[in-house]
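A.B. asks: Once you've had a glance at the structure underneath, I'll fire off some questions.
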């Protein structure tokens with residue numbers, strides 16, 4: 001039962017389908033979070049306030065309770081309009097979906113990576129669907145995303161009828177760079193952050209000790225810096241690690257995590273926070289070793305060049321049909 005199941009789950013990853021139909025209920029990750037330790041991040045004042053109910057940020061500026069600073073988060077509300085969201089989802093749903101773990105479906109555009117062997121090849125990567133190009137162009141209007149070059153774009157669907165979720169994790173630090181971007185569509189949701197206290201070999205987190213940060217503690221871009229601490233050291237937390245941070249992901253918003261929230265905290269999407277269909281579009285950039293002047297610049301340049309290509313998704317669907 002730990003092998004891949006028809007629903008797409010494997011190992012301890014489960015969804016409502018395999019828990020009820022394939023006997024995987026005993027494999028379900030028992031994530032016990034103390035809601036009394038919760039803080040809700042407010043995108044208006046950029047502070048986290050005591051509580052668990054994600055809608056509490058809407059009380060701004062009339063917050064209740066205590067607040068703490070939680071660095072490494074940027075939220076742009078209404079990043080896309082209602083009409084843009086409607087058209088975007090129409091185009092996304094015209095493309096084929098692949099099953100993924102924990103009740104999700106995905107559409108992935110990016111190079112082929114092996115996180116254990118730390119190897120990356122171009123594979124079938126040939127750029128991105130043209131209907132999403134304006135999103136990447138809009139990234140350029142944010143100072144925090146200066147010199148951000150997309151090398152992976154992944155659409156993820158969360159369906160409450162499947163018990164969709166994603167377990168606590170840190171995105172791989174060998175290949176994926178500091179700034180993690182998510183565009184949230186169709187419904188509001190929450191990113192729940194818990195402090196990571198494990199072995200830095202997990203998630204290849206130790207790799208972040210081998211390159212410099214891209215973003216300074218003040219939010220400025222410092223990617224050309226030669227001296228100073230590593231990305232991992234620069235992100236060390238001064239926060240009491242006995243807290244849980246709840247970050248709102250409102251419908252049509254943009255979320256960027258970087259620095260401390262990127263390297264020192266695991267993030268997850270709880271099943272209880274998926275109340276209707278949600279689709280997020282996640283973006284990744286390279287780590288410095290794959291950029292100009294880095295150890296792996298050659299393969300990095302090839303993939304980054306591929307990332308400048310945009311193609312018509314309807315023509316590509318027809319090509320795939322004709323090739324079968």
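What follows draws every value from the coordinates through simple rules; no lab data is involved. From a predicted model like this one, the values you see are computed outputs, not experimental measurements. Don't worry about glycine lacking a Cβ; one is built from the backbone with ideal geometry, like all the others, and counts go over all protein chains shown.
A.B. asks: Express the relative contact order of the chain as a whole percentage, based on alpha carbon pairs under 8 Å and six or more residues apart in sequence. Intermediate values should be presented prior to the final figure.
C.D. replies: Details: 666 pairs, mean separation 79.1, N = 324.
Relative contact order here is 24 percent.
A.B. asks: Still on this model: Compute the relative contact order of the stretch 43-118 as a whole-number percentage, counting only Cα pairs closer than 8 Å that sit 6 or more residues apart in sequence.
C.D. replies: 22
A.B. asks: Let me ask something additional. The stretch 273-324 to the stretch 62-127: how many Å between their Cα centroids?
C.D. replies: Value for the Cα centre distance between the two parts: 11 Å.
A.B. asks: A further question on this structure: For 299, 175, 309, which order do you get if you count the other beta carbons within 10 Å of each Cβ and list the fewest first?
C.D. replies: Listing 299, 175, 309 from fewest to most nearby Cβ atoms yields 309, 299, 175.
A.B. asks: Classify the stretch 216-273 from the C-alpha gyration tensor, please: rounded if a/c falls under 1.5, else prolate or oblate depending on whether a/b exceeds b/c.
C.D. replies: Note, shape of the stretch 216-273 comes out oblate.
A.B. asks: Determine, for 285, 319, the number of other Cβ atoms within 10 Å of each Cβ, and report the residues in order from fewest to most.
C.D. replies: On the way: 285 23, 319 11.
If I rank by nearby Cβ atoms, fewest first, I get 319, 285.
A.B. asks: Output the Cα-based Rg and Dmax of the stretch 1-150 in Å, rounding Rg to one decimal and Dmax to a whole number.
C.D. replies: Rg then Dmax for the stretch 1-150, in Å: 20.3, 51.
A.B. asks: Still on this structure, I have one more. Could you tell me what % of all Cα pairs in the chain have separations over 27 Å?
C.D. replies: Working: 23875 of 52326 pairs.
Summing the P(r) of the chain above 27 Å gives 46 percent of all pairs.
A.B. asks: Sticking with this one: Using Cα-Cα distances under 8 Å and only pairs 6 or more residues apart, what relative contact order does the stretch 85-150 have, in percent?
C.D. replies: 19
A.B. asks: Quick check on the exposure proxy: order 249, 89, 193 from fewest to most C-beta atoms within 10 angstrom.
C.D. replies: Lowest to highest Cβ neighbour count: 89, 249, 193.
A.B. asks: Evaluate the distance, in nm, between pseudo-label points positioned 7 Å from the Cα of residue 199 and of residue 236 along their respective Cα→Cβ axes.
C.D. replies: For the pair residue 199/residue 236, the computed spacing is 2.3 nm.
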